[in-house]
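Structure first, then comments.
The values are calculated or read from the model by the stated rules, or taken from the named source; none is laboratory data. The model shown is predicted, which means the values in this text are computed figures rather than measured ones. Note that each Cβ is placed from the backbone with ideal geometry, even for glycine, and that neighbours are counted across all protein chains shown. Just the protein is used for accessible areas: all its heavy atoms, side chains included, with ligands, DNA and RNA removed. Shrake-Rupley method; radii C 1.70, N 1.55, O 1.52, S 1.80 Å.
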Amino acid sequence: MNAAPPVLVIVGASYAGAQLAASARDAGFDGRILLIGDETRAPYQRPPLSKGLLTGKTQVDALALKADDFYRESGIELLTGHRVTALDTAGRVVVLDDGRRLGYDWLALTTGARCRPLTLPGAHLAGVFELRSLGDALALDAAARNARRACVIGGGFIGLEVASALATRGLQVSVVEAAPRLLARAVTPELSDFVAALHRRHGVDIHCGQGVRALIGQADRVTAVELQDGESIACDLVVAGIGVLPNTGLAERAGIACANGILTDALGQTSAPRVLAAGDCAAFPNPYAADPAAPIRLESIQAANDLARAAASLVAGQPQPYAAVPWFWSDQYDAKLQMAGLMAADDEVVVRGDIASGRFSLFCLRGGRIASVHAVSRPADHMLGRKLVAARCAATPAQLADEGFDLKSLLAVQACNSCNAQ
């Protein structure tokens, strides 16, 4: 008698889930694959939600992550509009919101993250938006058509991309950030300053180091944002971009180890046997972090896809641990920001190029080696930077700052040193 084919159940149908399903199949997993999502749409692209969709450059029909026939042709069963409500790791069963029980041989949790909610007085008012799903983006887009003034709470990437899109549409935009500078968690002070100046040139009013006391409204609709110092910013709509929280509830209720994310190793393995995790919900040690042993969450598509590929390789019996250089990007106005590697607060920062020109790169040195590269509208530097970070190339500040110095030569030196060390 032939054994039943193995079953891979994936909970969460966005980037990590879709990538894990596709990579498992590509790597030779020949069992049944079920991809379960609580939204009614097939997996779709999310970066345009805060960029092209709000400026009209991207249409909803262009957002699909995969072609219509991809799932059928790949033998992936896509089950949309359903939530998994319970997980039995001992019995290897998940329970759907309609009561169905699905057994699995491998389970992957790619449950993503949700917007951190505003808990201020007035947060319930009409005209207050968050941005995570297509539905969120469409609602914001509709409101922006009749608005003149917008206030974005949060000076991270999502908040600034929304500010850029709304300012491009002609709205008067204010950004309120509690930290002393924009993008403080992710980029160098030099890049924060550049981004703040970029937004100001487009008419955006930036308030850094400011908390919000309350949202003020009339007739249950927001009309102003009141800052902690008493200043009031009049607005017709508010967008809250104050970060996300990982969706770990299902894992926690099942007793799986979590700490600001579902804890995994470099193959996406959780504390439960044959249960994997990837994407925004997963926290794992990253070899490019300042502390390579400490689990961190990377809220980026590339990291989601890379850990999903690693998890899929395990499912397919060909384990290939996560080893990719983290990278991510952001488009604001006509500037393309591309970041490779992970910055630490005490890294030495070297500027290559002229910041005032709007085309430059920032190299972060840690222990004399290139740990991260932040490039602004210099895509060639970004692509080379990913290789330099991966090779952990040594460099001097003088070499990096000198635009006449060929950075590719650092790769050759590193390769030679590595050969000599063997």
Solvent-accessible area, 1.4 Å probe, carbon plus sulfur percent, for the chain: 50 percent
Taking only Cα atoms of segment 355-422, radius of gyration then Dmax in Å: 12.1, 44
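Given a cut-off of 22 Å, name the pairs among 66/336; 51/408; 51/336 whose C-alpha atoms lie farther apart than that in the structure shown.
66/336; 51/408
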Alpha-carbon Rg/Rh ratio, for the chain, with Rh computed the Kirkwood way: 0.99
Kirkwood Rh and Cα Rg combined as Rg/Rh, segment 147-306: 1.07
Distance between modelled label sites at residue 405 and residue 333, nm, 7 Å Cα→Cβ extension: 3.1 nm
Integer Hz, Karplus 6.51/-1.76/1.60 couplings in order for segment 281-298, x for Gly and Pro: 7, 9, 10, 8, x, 10, x, 9, 7, 4, 10, x, 8, 8, x, 9, 9, 10
Paramagnetic label zone (point 7 Å from Cα along Cα-to-C-beta, residue 392; backbone N under 14 Å) in segment 359-386: 366-372
Segment 54-183: C-alpha gyration tensor shape, a/c 1.5 cut-off, then a/b vs b/c: prolate
Stokes-Einstein diffusion coefficient of segment 119-192, Kirkwood radius over Cα pairs, 10 °C, 1.306 mPa s, in µm²/s: 119 µm²/s
Over 19 Å [Cα-Cα, segment 311-372], rounded percent: 51 percent
Directionally averaged shadow of segment 220-283, computed from the convex hull of its alpha-carbon atoms, nm²: 7.1 nm²
Estimated inter-spin distance, residue 74 and residue 132, nm [label 7 Å along Cα→Cβ]: 2.4 nm
Computed lengthening from residue 323 to residue 85, 0.36 nm per intervening residue step minus Cα-Cα distance: 82.4 nm
For a label point 7 Å along the Cα-to-beta-carbon line of residue 197, residues of segment 359-373 with backbone N under 12 Å: 359-360
Inter-site label distance for residue 61 and residue 27 at 7 Å from Cα along Cβ, in nm: 3.7 nm
